[in-house]
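Okay, so here's the structure we're looking at.
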Amino acid sequence: MKTISKFIEIGNEATGNNVSYQEIPDEQNYAIFAAMGVPRTTDGKFKKDSEAPFSSDGMVTFDQAIRKGKMSLKTDNFEELTGDQPLTVKYIFEHSNDF
């Protein structure tokens, strides 16, 4: 199963960085977003020129889905639709200046 920790590991290997990841409770994650001026839902009031123009519910539940393995399904849909192989996380990190 792919996890955020695995993503960080691949990024560190590809870039030579030493980024670490520490999982935090959902309520602490919500508090971080609130301090940035990010509303919990899209019905909330967004801070003008917010560095995070999205709702915290979306981000926190995305993290929950990763933890629960909901993002671990692998398909060949991308290749079927485009005729191309998808880029790997490693490739994207190694070629980050191209993006």
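The table for this structure:
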{"read-out": "Lys/Arg +1, Asp/Glu -1 at C-beta; region 1-89 dipole; positive extreme among Ser72, Asn17, Ile32", "value": "Ile32"}
{"read-out": "Given charges at beta-carbon only (K, R positive; D, E negative), |dipole| of the chain in Debye", "value": "360 debye"}
{"read-out": "Candidates per trypsin sites (Lys or Arg not before Pro) in region 25-99, loop by DSSP, up to 15 other Cβ within 10 Å", "value": "Arg40, Lys45, Lys47, Lys48, Lys68, Lys70, Lys74"}
{"read-out": "Residue-averaged 222 nm ellipticity for the chain, from DSSP H runs of 4+ at -39500 (n - 2.57), nearest 500", "value": "-13000 deg cm²/dmol"}
{"read-out": "Cα-only radius of gyration and Dmax that characterise the chain, units Å", "value": "16.4, 43"}
{"read-out": "Area of Leu73 that stays accessible when all protein chains are in place (1.4 Å probe, Å², to 10)", "value": "150 Å²"}
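The values are calculated or read from the model by the stated rules, or taken from the named source; none is laboratory data. Quick caveat: nothing in here was measured; it's all calculated off a predicted structure. We place every Cβ from the backbone using ideal geometry, glycine too, and count neighbours over all the protein chains shown. The accessibility values were calculated without ligands, DNA or RNA, using every heavy atom of the protein model including side chains. Shrake-Rupley method; radii C 1.70, N 1.55, O 1.52, S 1.80 Å.
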